[in-house]
Amino acid sequence: MKIGILALLFLSIAGAGDKLTSLDEASFAKLLAANKGKVVLIDFWATWCAPCRAELPQLIKLDAKLRAKGLQLIPISADEPEKEADARKTLRQAGFSDAAYLKVAKDDDKFIDSVDAKWGGALPALFLYDRNGRKVKAFVGEASMQDVEAAITKLL
């Protein structure tokens, strides 16, 4: 399902609601483009990933702390489509109410390469983009929140 930039902007304003927005390679690029002007932290996570679930509330707190300065946290669940309800529940329980996404790639390898050619798809994975939409840092595996916050603060 391809999503237009206006729809993505609306979803960013409207919040997560009852459904995660499907995201493929093309709509991922559009999502980044729609958030130019902000420092964007993409969080790839899954409900079956214990480190992901542990990291999520910390990322949400960091987002709340730095959002006024221009940070935008965008969680993208790597769960299978039939687990979407579990992913929504996990996000709500962690306190996240903004727009969130579900990776629904036609080709997982192409999707992963479109995010970062060095990323093998391991979770959790954080990708930090500057205000121009340029990826400046990747955190693959469990990340120190102090390191993540320091990297973000340099861009704000």
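Here are the numbers:
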item	result
Count - residues of region 58-87 that are open to solvent by 50 Å² or more (accessible area, probe 1.4 Å) and either touching a residue at least 60 places away in the same chain (Cβ under 8 Å) or not small (G, A, S) (or both)	10
Selection count, region 107-156, where residues are part of a loop (DSSP other than H, G, I, E, B) and of a type in the set (F, W, Y)	1
Filter result (under 15 Å from C49 (Cβ atoms) and assigned to a helix (DSSP H, G or I)) within region 67-87	K83, D86, A87
Residue selected from region 5-35 under the condition assigned to a helix (DSSP H, G or I) and open to solvent by less than 20 Å² (accessible area, probe 1.4 Å), by the criterion modelled with the lowest pLDDT	L8
Residues satisfying the stated conditions in region 88-106, i.e. open to solvent by 90 Å² or more (accessible area, probe 1.4 Å) and part of a helix (DSSP H, G or I)	K89, R92, Q93
Residues that are closer than 18 Å to G70 by Cα and aliphatic (A, V, I, L, M), drawn from region 101-144	L126, L128, V136
Any hit, region 38-47, residues being more than 14 Å from the chain's Cα centre (by Cα) and open to solvent by 60 Å² or more (accessible area, probe 1.4 Å)	no
Answer from A78, A94, A122 - the residue that is small (G, A, S), within 15 Å of the chain's Cα centre (by Cα) and within 17 Å of F28 (Cα to Cα)	A78
Count of residues meeting criterion [farther than 23 Å from E142 by Cα and out of contact with any strand residue (DSSP E or B) (no Cβ under 6 Å at 6 or more places or on another chain)] in region 33-58	4
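To keep it simple, each residue is scored yes or no on (1) more than 19 Å from T21 (Cβ to Cβ); (2) not β-branched (V, I, T).
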| position | (1), (2) |
| --- | --- |
| L73 | no, yes |
| D79 | no, yes |
| A100 | no, yes |
| V104 | no, no |
| K118 | yes, yes |
| A122 | yes, yes |
| K137 | yes, yes |
| I152 | yes, no |
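The values are calculated or read from the model by the stated rules, or taken from the named source; none is laboratory data. Remember, it's a predicted structure, so these values are computed and weren't measured experimentally. Please note: Cβ atoms are built from the backbone with ideal geometry, for glycine as well, and neighbour counts cover all protein chains shown. Accessible surface areas use protein heavy atoms only, side chains included; no ligands, DNA or RNA. Shrake-Rupley method; radii C 1.70, N 1.55, O 1.52, S 1.80 Å.
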